[in-house]
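**Student:** One structure is given below, represented as structure tokens, and several questions about it will come after.
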Amino acid sequence: MRSAWLTLLLFLASTGTVAQAQDNRTVVVTRGEYLARAGDCIACHTAPDGQIFTGGRAMPTPFGTLYTSNITPDPETGIGRWSPDDFYKTMHSGRFPDGGLIYPAMPFGSYTKVTRADSDAIFAYLRSIPPVNQKNRPHDLRFPYGNRSLILGWRTLFFSEGEYKSDPSKSAEWNRGSYLVEGLGHCGMCHSPINALGGTPQSEAFKGGLIPMQNWYAPSLTSNREAGLGDWSIKDITDLLQTGVSARGVVYGPMAEVVHNSLQYLNDEDTKAMAVYLKSIAESGTRVPSSSALPTTESSLLTSLGKTVYDARCASCHGAQGEGKPPHWPPLANNQSIEMESAVNPIRMVLNGGYPPGTEGNPRPYGMPPFAGLLSDNEVAAVVTYIRTTWGNRGTPVSAREANELRSAPLN
Amino acid sequence: MSLRIAIAGLGIGLSVQVFPVGAQTPGQPPDTMAARVEACTPCHGNQGEGTSDVYFPRLAGKPAGYLYNQLLAFENGRRKYPPMNYLLEYLGDPYLQEMADYFASQHPPLPAPVPSDVSQDVLRHGEALVTRGDASRQIPACASCHGPTLTGMEPAIPGLLGLRPNYVSAQLGAWRYGTRTAKAPDCMQIVAGHLTEADVTAVAAFLATRPAPENAAPVPKGTYILPFFCGSQPN
């Protein structure tokens, strides 16, 4: 009789701990899923019509095409046989379990900042998704770039391994934001000038650059003349990151992807932490706008044609004075992303139009029509010149040749 | 004057007037689907009636399920037209459904049939394929799926009226070359695979000469039985 009670008690106790362990597991997996969102793993590791995390997505680079890996827990073709140590080694050191070198297109240069606990959580999450048997497609790189030992050179120049070190002189919120932006968010992968070697020197981090192959300009996150957010309110920044639209501007192109697949899923505290950090890294003071590359008579002709085109084609949404109807129809007056030295983005917006991403905070976005088929190179140049130089905007004129060159920019 | 035509031609000047009164909050765009799909209208027309570009299809009045399937196919790359693939990439499926519903519920008149410049023989050949098919070459009549009046069937079989010959030829070609695919079994891939260039020219030309029937709406689901099962049309 006593022993029966004892067995029952032991049984109850043991089911208690099993249930608790299970609970802990699901907590870790849920956190891992959240962190995988913050790292935007899905953007690269899922093909457009493919199953989640089976890879196979083509990444065109100046050196040839890379194909992303299957990171489902399939033992043969995915990472089913990997240990948490193996996974950490990839995230932290950019190496395969056997020590082989990984191409920096996998953003381990940023992920190295991720803590061991967060890496383990992401791994636990990846172990919990359905395994899919799908072989990795071999990369297609031009000679000599297929030789992985060349990665060593890149690593020497641009890679500094190490988890995020918090700055004790800053608030916990600032450090959290910095951890996310510099680490999982890998914002610097696009928002830095990519030099010919395919790397980002540390001193240039977040200084902005043209994304190779895609022909979109990722503006500087430190210069207030570009996308530096020094004079934005915290609310406008969190709106932009979470919903894709804000009173100051909207996201488009590759940044729409980032908001759609990653940033919209971050909770309010993390979003605010990123906003606080981003606002703080903006350099104080503004740069003097670079002077016009075009002769003045030519640029004043452009401006008057530009006004005609603008009033006919754009003012219905963006307003006669460029005031827009924010957040859905963005203002063009006093909009940094139009005035930047690089005119690539506004030219492409006019040619290709666009929709901000559909997000939980803005599920039914308004769109802008593409004008590639409606305006000549000259008209495109004129209207972009007009919006860059009127209403107090201090950008520079653009030429018909620049407009023409971007007609062939890839759309996906 | 020429400026006004330019504005009207683009549809932006006009569309401001068709928004229902009261939908506009000051400082905000009208809270309507019409305003949300203005990005589509330069190519598809204000109400989805099509434009003068012969490759830009009419959307108005097509079955909502069909339009939704097309938007999904553009979103995930099963159907390719880069300017559209790009626009739809990050919109989310429920919103694409709303866009499909919106264009399905528009009913601008069908365009008048266009006199054809192909010979009577070619037109007769087209008519035969559309209405009777060619059993010896395993070609079912187009009408057996697209409906006796060629107005399609809910939810996902489109009508074939109001489409221009260039567009129809281009789509049949896209199926033959695999750049347009629908959910398997992809009926049109099978049908198009049996057609020769001459067949394509003939059906495209014949279809364009058909006058609009009084009621151009797709018939309800289950009105007739398809000759074989199509993945995009649920049973």
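The values are calculated or read from the model by the stated rules, or taken from the named source; none is laboratory data. Computed from a predicted model, the values in this text were never measured in an experiment. We place every Cβ from the backbone using ideal geometry, glycine too, and count neighbours over all the protein chains shown. Note: areas computed on protein heavy atoms with side chains; ligands, DNA, RNA excluded. Shrake-Rupley method; radii C 1.70, N 1.55, O 1.52, S 1.80 Å.
**Student:** Ignoring ligands, DNA and RNA, how much accessible area is buried between chains A and B, both sides summed, with a 1.4 Å probe, to the nearest 100 Å²? Before the final figure, lay out each step's value.
**Tutor:** Working: alone 20640 and 12750 Å², together 30500 Å².
For A against B, buried area totals roughly 2900 Å².
**Student:** Under the definition of partner shielding as Cβ atoms of other protein chains within 10 Å of a residue Cβ, what is the mean value for peptide A:325-331? Present the calculation step by step, with values, prior to reporting the outcome.
**Tutor:** Values: counts 8, 2, 1, 5, 4, 0, 0.
Taking the mean over all residues of the peptide, I get 3.
**Student:** Loop-only check: which trypsin sites (Lys or Arg not before Pro) in the range B:145-228 are DSSP coil with at most 15 other Cβ within 10 angstrom? Numbers along the way, then the final one.
**Tutor:** Working: sites: B:176, B:180, B:183, B:221; in loops: B:183, B:221.
Qualifying residues, ordered by number: B:221.
**Student:** Express in Å², to the nearest 10, the accessible area of residue A:342 obtained by rolling a 1.4 Å probe over the protein heavy atoms while all chains stay in place.
**Tutor:** Surface accessible to solvent at residue A:342 totals approximately 20 Å².
**Student:** Dividing the Cα radius of gyration by the Kirkwood radius, what Rg/Rh value follows for the range A:172-281?
**Tutor:** Values: Rg = 13.1 Å, Rh = 14.0 Å.
So for the range A:172-281, dividing Rg by the Kirkwood Rh gives 0.94.
**Student:** Which lysines, on any chain, are close to residue A:307 with Cα under 20 Å apart, when same-chain ones fewer than 8 places away are left out?
**Tutor:** Qualifying lysines at Cα under 20 Å: A:325.
**Student:** Which three lengths, in whole Å and largest first, does the range A:268-412 cover when its Cα atoms are put on their principal axes?
**Tutor:** 51, 37, 31
**Student:** If the viscosity is 1.002 mPa s and the temperature 20 °C, what translational diffusion coefficient in µm²/s does Stokes-Einstein give for chain B when Rh comes from Kirkwood over Cα pairs?
**Tutor:** Values: Rh = 18.8 Å.
Estimated diffusion coefficient is 114 µm²/s.
**Student:** Let me ask another. Which value, in debye to the nearest 20, describes the size of the charge dipole of the range A:296-407 about its Cα centre when Lys and Arg Cβ atoms bear +1, Asp and Glu Cβ atoms bear -1, and nothing else is charged? All intermediate terms of the calculation are to be shown ahead of the outcome.
**Tutor:** Details: 9 positive and 10 negative charges, 38 e Å.
The calculated dipole for the range A:296-407 is roughly 180 debye.
**Student:** With a 10 Å cut-off between alpha carbons and a GNM built on chain B, which of B:187, B:145, B:40 moves the most?
**Tutor:** Top of the fluctuation ranking is B:40.
**Student:** Between 0 and 90 degrees, rounded to the nearest ten: what's the tilt of helix B:64-76 against the longest Cα principal axis of chain B?
**Tutor:** Helix B:64-76 sits at roughly 80 degrees to that axis.
**Student:** Given a 10 angstrom Cα cut-off, can you work out which residue in A:282, A:172, A:43 is the most mobile in a GNM of chain A?
**Tutor:** Top of the fluctuation ranking is A:172.
**Student:** Which Cys residues of the protein assembly as shown have no other Cys beta carbon under 4.7 Å away?
**Tutor:** If one checks each Cβ against the other cysteines of the protein assembly as shown, A:41, A:44, A:187, A:190, A:314, A:317, B:40, B:43, B:142, B:145 turn up with nothing under 4.7 Å.
**Student:** Nearest 0.05, what FRET efficiency do residue A:49 and residue A:105 give at R0 = 30 Å with Cβ-Cβ as r?
**Tutor:** 0.90
**Student:** Moving to a separate point now. Once you list every other residue whose beta carbon is under 15 Å from the beta carbon of residue A:99, what net charge do they have if Lys and Arg are +1 and Asp and Glu are -1? The partial results should precede the final answer.
**Tutor:** Values: positive: A:89, A:95, A:148, A:155; negative: A:85, A:86, A:98, A:161.
Local net charge: 0.
**Student:** What fraction, in whole percent, of alpha-carbon pairs in the protein assembly as shown exceed 40 Å separation? Walk me through the numbers on the way to the answer.
**Tutor:** Numbers: 83268 of 208981 pairs.
So the portion of pairs separated by more than 40 Å is 40 percent.
**Student:** Under a crude label model (7 Å from the Cα following the beta-carbon direction), how far is residue B:132 from residue A:166 in nanometres?
**Tutor:** 8.3
**Student:** Okay, next question. Find out how many positive minus negative residues lie around residue B:86, taking Lys and Arg as positive, Asp and Glu as negative, among other residues whose Cβ is under 14 Å from that of residue B:86.
**Tutor:** Working: positive: A:348, A:407, B:79, B:80; negative: A:257, B:75, B:89.
Net charge in that neighbourhood comes out at +1.
**Student:** Identify all lysines with a Cα-Cα distance to residue A:165 below 28 Å; exclude those on the same chain that are fewer than 8 residues away in sequence.
**Tutor:** Leaving aside lysines fewer than 8 places away in the same chain, those within reach of residue A:165 are A:89, A:113, A:207, A:235, A:272, A:279.
**Student:** What does the charge add up to near residue A:49, with Lys and Arg as +1, Asp and Glu as -1, over the other residues with Cβ less than 13 Å from its Cβ?
**Tutor:** On the way: positive: A:57, B:78, B:79, B:80, B:183; negative: B:75, B:89.
Net charge in that neighbourhood comes out at +3.
**Student:** For the charge dipole of the range B:120-208, defined by +1 on Lys and Arg C-beta atoms and -1 on Asp and Glu C-beta atoms about the Cα centroid, which residue among B:142, B:123, B:177 has the Cα displaced farthest towards the positive pole?
**Tutor:** B:177
**Student:** Follow-up question, since we're still on this one. Which angle between 0 and 90 degrees, to the nearest 10, do you get for helix B:197-209 versus the longest principal axis of chain B when only C-alpha atoms count?
**Tutor:** Once rounded, the angle reads 50 degrees.
**Student:** Still on this model: How large is the dipole of chain A about the Cα centre if only Lys and Arg carry +1 and Asp and Glu carry -1, each at its Cβ, rounded to the nearest 20 debye? Intermediate results must be reported in sequence, preceding the final value.
**Tutor:** Working: 35 positive and 37 negative charges, 64 e Å.
Using Cβ point charges on Lys, Arg, Asp and Glu, chain A gives about 300 debye.
**Student:** Counting only other chains, what is the mean number of Cβ atoms within 10 angstrom of the Cβ of each residue in peptide A:348-361? Walk me through the numbers before you get to the answer.
**Tutor:** Values: counts 0, 0, 0, 1, 4, 7, 5, 9, 2, 4, 8, 2, 1, 0.
Per-residue shielding by partner chains comes out at 3.
**Student:** Just read off the accessible area of residue A:30 with the full protein assembly in place, 1.4 Å probe, to the nearest 10 Å².
**Tutor:** We get 80 Å² for residue A:30.
**Student:** Using only the alpha-carbon atoms, what does the range A:87-178 span along each of its principal axes? Please give whole angstrom values in decreasing order.
**Tutor:** Taking the Cα atoms of the range A:87-178, the three principal extents are 48, 38, 20 Å.
**Student:** In peptide A:368-377, how many Cβ atoms from other protein chains are near each Cβ within 10 Å, on average? Let's see the in-between values first.
**Tutor:** Working: counts 3, 11, 8, 2, 2, 6, 5, 0, 0, 0.
What the average comes to for A:368-377 is 4.
**Student:** Determine, from the Cβ-Cβ distance of residue B:124 and residue B:101 and an R0 of 35 Å, the FRET efficiency 1/(1 + (r/R0)^6), rounded to the nearest 0.05. Provide the component values of the computation, followed by the final result.
**Tutor:** Working: r = 39 Å, r/R0 = 1.11.
Computed FRET efficiency for residue B:124 and residue B:101: 0.35.
**Student:** Which residue, chosen from A:314, A:378, A:152, occupies the Cα position most advanced towards the positive end of the dipole of chain A, where the dipole is computed from +1 (Lys, Arg) and -1 (Asp, Glu) charges on Cβ about the Cα centre?
**Tutor:** Positive-end residue among those listed: A:152.
**Student:** Another one. Calculate the dipole size of the range B:128-235 relative to its Cα centre from +1 charges on Lys and Arg beta carbons and -1 charges on Asp and Glu beta carbons; express the result in debye to the nearest 20.
**Tutor:** Details: 8 positive and 6 negative charges, 20 e Å.
Magnitude of the dipole: close to 100 debye.
**Student:** List the trypsin sites (Lys or Arg not before Pro) in the range A:113-155 that DSSP assigns to loop (not H, G, I, E or B) and whose Cβ has at most 13 other Cβ atoms within 10 Å. Which are they? Write down the numbers at each step before the final one.
**Tutor:** Numbers: sites: A:113, A:116, A:127, A:135, A:142, A:148, A:155; in loops: A:113, A:135, A:142.
Sites meeting the loop and neighbour criteria: A:135, A:142.
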